[in-house]
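This report refers to the structure that appears directly beneath it.
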Amino acid sequence: MSEFEDNARHIMLLSGGKDSTALALYMRDKNPDIEFEYLFCDTHKELPEIYEYLARIEAYIGTPVTRLTSGMDERGFDHYLKLYGGYLPSAQMRWCTRLLKIEPLEKHVGDDPVVLYVGIRADERRSGYISTKKNIRPVFPFKEDGLNKADIFRILEESGVGIPKYYEWRSRSGCYFCFFQQRAEWVRLKQRHSDLYEMAKQYEKEEEGYTWSQAESLSDLEKPERIEEILAREQDRKDRLAKKRKPQSLAQAFGYEELSEDAEAGCLVCHL
Ligand code: SF4
């Protein structure tokens, strides 16, 4: 270890997703002498499955995951939405990630030297912003050790922690209304968590053009004929993918692989 690493805090930033969880398990087994801090930045709008999964992770690692929220008074998404005049975040204006995920982390660590473990895999091309603070040094163990998606599923399956339950119907962790969601995932949010779908709808102001998906409001998306069309298109895509390859892993056999295909487009901080 370098002198910096010797004196640093070792932070494992969990998103509630498969990659950051697998990294926490992997590093804990690989470096039992390092005292890791496990953090989760809570927007107060995460999927219920994520809170359940965090509890499973805690039971496995035997250490509590510290929940960070924005500000001392635990201001969450709704507070900042008001400040932004109801302007919903989007892939182009991602104020939510900065205010609710990155800033709480930076405040929490202050000026301490930090090694931040990031779960980007060897088979991913993405890189991204975590923090510009000089005292926070990101490291990418999966990339360094050449671990890919199949390895991540194996780590999760072998540990018994398993795959996050939301993976049955959605490719990414994060807020229930995350704008990175694919249309078929919005449909399944409605099917699985109709209350959350209704709550997501309440945020939209169609007349002002504030909708989660730029091309379509959630009221339009939930029309029966539109749902039918979206699901048919998704099935078609899955069929085409299935023809290209035979299932090789448990994850692929259950269709998780297909769901996660587009996950690389998500947010580096929220969707690991
Ligand atoms: S999960 Fe999506 S909506 Fe939530 S903070 Fe991250 S990018 Fe924003």
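The values are calculated or read from the model by the stated rules, or taken from the named source; none is laboratory data. Quick caveat, the model's predicted, so the values are computed rather than measured. Neighbour counts are summed over all protein chains in view; Cβ atoms, including those assigned to glycine, are modelled from backbone coordinates with ideal geometry.
Structure notes:
- Comparison of Glu103, Glu5, Glu46, Glu52 shows that the only residue that is under 30 Å from Glu204 (Cα atoms), in contact (Cβ under 8 Å) with a residue 12 or more places away in the chain and away from the ligand (no atom under 16 Å from the Cβ) is Glu52.
- Long-range neighbours under 9 Å by Cβ, at least six apart or interchain, first residue more than 15 Å from Tyr26 (Cα to Cα) within the range 157-174, second among the polar types (S, T, N, Q) and assigned to a helix (DSSP H, G or I): Pro164/Thr21; Tyr167/Ser260; Trp169/Gln191; Ser171/Ser260; Arg172/Ser260; Ser173/Ser20
- The range 20-43 - residue that is among the hydrophobic types (A, V, I, L, M, F, W, C) and in contact with a Ser or Thr (Cβ under 9 Å, 6 or more places away or on another chain) and, of those, nearest to Ala200 (Cα to Cα): Cys41
- The set of residues from the range 51-66 being touching a Lys or Arg at 6+ places or on another chain (Cβ under 9 Å) and closer than 27 Å to Trp186 by Cβ comprises Glu52, Tyr53, Leu54.
- Of the set (1) modelled with pLDDT under 95; (2) in a loop (DSSP other than H, G, I, E, B), all apply to Leu100 but (2).
- In the range 162-185, the residues that are within 21 Å of Ala232 (Cα to Cα), more than 14 Å from the ligand (Cβ to nearest atom) and outside any helix (DSSP H, G or I): Trp169
- For the range 85-97, filtering for residues that are touching a residue at least 24 places away in the same chain (Cβ under 8 Å) and in a loop (DSSP other than H, G, I, E, B) leaves 7.
- Checked against the criterion of being surrounded by 14 or more Cβ atoms within 10 Å (Cβ to Cβ), away from the ligand (no atom under 14 Å from the Cβ) and over 21 Å from Arg172 (Cα atoms), the candidates His79, His108 yield just one match: His108.
- The number of residues in the range 118-161 being of a type in the set (Phe, Trp, Tyr) and surrounded by 21 or more Cβ atoms within 10 Å (Cβ to Cβ) comes to 2.
- The single condition among (1) touching a helix residue (DSSP H, G or I) at 6+ places or on another chain (Cβ under 6 Å); (2) within 13 Å of the ligand (Cβ to nearest atom) that Val65 does not satisfy is (2).
- Checking Lys143 against (1) part of a helix (DSSP H, G or I); (2) under 18 Å from the mean Cα position of the chain (by Cα); (3) at pLDDT below 95, the condition it does not meet: (2)
- Meets criteria (within 15 Å of the ligand (Cβ to nearest atom), at pLDDT below 60 and surrounded by fewer than 16 Cβ atoms within 10 Å (Cβ to Cβ)) for Ala265: yes
- If the condition is being surrounded by fewer than 19 Cβ atoms within 10 Å (Cβ to Cβ) and in contact (Cβ under 8 Å) with a residue 40 or more places away in the chain, then the range 183-195 contributes Arg183, His193.
- Residue match in the range 13-23 (condition: surrounded by 19 or more Cβ atoms within 10 Å (Cβ to Cβ), of a type in the set (Val, Ile, Thr), in contact with a helix residue (DSSP H, G or I) (Cβ under 9 Å, 6 or more places away or on another chain) and outside any helix (DSSP H, G or I)): no
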